[in-house]
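Each value in this text was obtained by applying a stated rule to the coordinates, not by laboratory testing. From a predicted model like this one, the values you see are computed outputs, not experimental measurements. Note that each Cβ is placed from the backbone with ideal geometry, even for glycine, and that neighbours are counted across all protein chains shown.
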Amino acid sequence: MLHRLEIENFYAVRDAQVLDLRAASNAPTDHGRLAALWPKSTERAPKVVALFGANASGKSTILRALSFIAWFVRDSFSIAPNAPLPFERFNSVESGRRPTRLSITLAGVNPTDWLLDSVRYRYEVTIGRSQDRGDYIIAEALHYWAHDTGRKVRLFERNEAGEVKAGPDFGLGGFGQALGKVLRPNASVISTLAQLKHGFATTVWQSARNVFSNILIERGSTVEHEMVQFYAQNPAMVDNLNREIERVDLGIQGMRVEQGANGPVLLFTHDGHDGPVPLALESHGTKQFLWVYPFIARALETGGIALLDELDAAIHPLLLPEILRWFYDPTRNPHDAQLWMTCHNASLLEDLSKEEAFFTSKDASGRTEVYGLADVQAVRRDDNYYRKYLSGTYGAVPRVG
């Protein structure tokens, strides 16, 4: 389970920000909201992370950081050698000269013996950018903490020159020479080694494939085309959707994929309609739900992470709590998948615990700060979080007038 994110000089975040999801030891254990970081761990973190804040306060930046890390680990080898990396620094001259740093901490299999208890991992990358070199990696590293000693152990460390030092548990071995030939300044060690079929790197690469995000997708006409193609190529997902579609009360009895003159089309059966309804005539809300549903379903299936920007734009506010309950339900979420989402609908705070709610706000210089409701002093579990947030008690609300 992912339980810590660090961001510095990335989009709206200039100064280092840390989201530490670990709950206090006395946090309630009911309702399935918290999960152990790994089996037998005494530390717990929420399965749902909801980000609130004013427009342009940096909510999406948090999801974008996680999306970028997953993309970099998974897909960066596929871009051209001199291609820019898909992110921006904080928009100031001074920040343009500074590196970007991103880090995640999460649980994973024990590298010494996969049958032993999981361990804590930390992956971090520091990225430079210059006119003559473009984007390049200053440092990249993966470490874990040994259970028996608590010691931080190097799996691999990479420097600005592209030199990679690996510990024995990583097993670089005969891959070192090939890696030195193909590792590019704008690609990750893991993405590169996965192409070489390195065992441990491929395992990490596979884990990154279980991050399902809509945050890096350009919104526009191509989204609908990609959605139709996805359902056409994944009939099992169509079956899953049809099992849920009546429960979320879209007025739809079912959806099916048929082959049209120009490719696959989605057709919908509605109560009271004599014939099928094409996707073009469905509401914006229905289309949004159809777009985000596979992200949620695949995260629940794999124990991965769903990163959904503006999820409340796709789900009616009375139905959104039901989606959250999917993540709390051990039957539907047996692998402790996580949902990270941004929200404008503050009424959702009535359905969240203080470990699940986070806020973003900007100062006068446009710098984003992120903090958790649990970090706010004197917050009680029986408080009305919704009313207190709208009254400005927690900050991160729009300024009007």
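For segment 244-301, the C-alpha radius of gyration divided by 2.2 N^0.38 Å, with N the number of residues, is 1.18. For segment 7-46, the set of trypsin sites (Lys or Arg not before Pro) satisfying both a DSSP loop assignment and a count of at most 13 other C-beta atoms within 10 Å is given as K40. Lysine pair count for the chain (Cα-Cα distance under 21 Å; residues 8 or more apart in sequence or on different chains): 12.
One Cα centroid belongs to segment 314-341, the other to segment 55-124; the line between them spans 25 Å. Taking 0.36 nm per residue of sequence separation and removing the Cα-Cα distance, the L390/R209 pair yields an extension gain of 61.4 nm. Of the residues V48, L102, F77, the one whose Cα sits farthest toward the positive end of the charge dipole of segment 33-110, with +1 on the Cβ of Lys and Arg and -1 on the Cβ of Asp and Glu, is V48.
Across segment 55-135, Cα-Cα pairs more than 20 Å apart make up 48 percent of the total. Treating segment 71-195 as a set of equal point scatterers at the Cα positions, no solvent, please give the Debye-formula log₁₀ I(q)/I(0) at q = 0.11, 0.15 Å⁻¹. One equal scatterer on each Cα of segment 71-195 leads to -0.42, -0.74. Along the axis of the charge dipole computed for segment 247-396 (Cβ charges of +1 for Lys and Arg, -1 for Asp and Glu, origin at the Cα centre), the listed residues T368, T302, G263 are led at the positive end by T368.
Dipole size of the chain about its Cα centre, with +1 on Lys/Arg Cβ and -1 on Asp/Glu Cβ: approximately 1160 debye, rounded to the nearest 20.
The equivalent ellipsoid that matches the C-alpha gyration tensor of segment 221-390 spans semi-axes of 34, 17, 16 angstrom, in descending order. Spherically averaged projected area of the convex hull of Cα atoms, the chain: 23.0 nm². How big is Rg to Rh over segment 220-270, alpha-carbon atoms, Rh as the Kirkwood inverse-mean-distance radius? Taking Rg over the Kirkwood Rh, I get 0.98. Identify the trypsin sites (Lys or Arg not before Pro) of segment 144-239 meeting these criteria: DSSP loop state and at most 11 other C-beta atoms within 10 Å of the C-beta. Answer in residue order: R151, K197, R219. Taking every C-alpha pair closer than 8 Å and separated by at least 6 residues, the mean separation divided by the residue count of the chain gives a relative contact order of 20 percent. Computed from backbone phi with θ = phi - 60° and the Karplus coefficients 6.51, -1.76 and 1.60, the 3J(HN,Hα) list for segment 346-352 is 5, 5, 5, 4, 5, 9, 10 Hz; x is used for glycine and proline.
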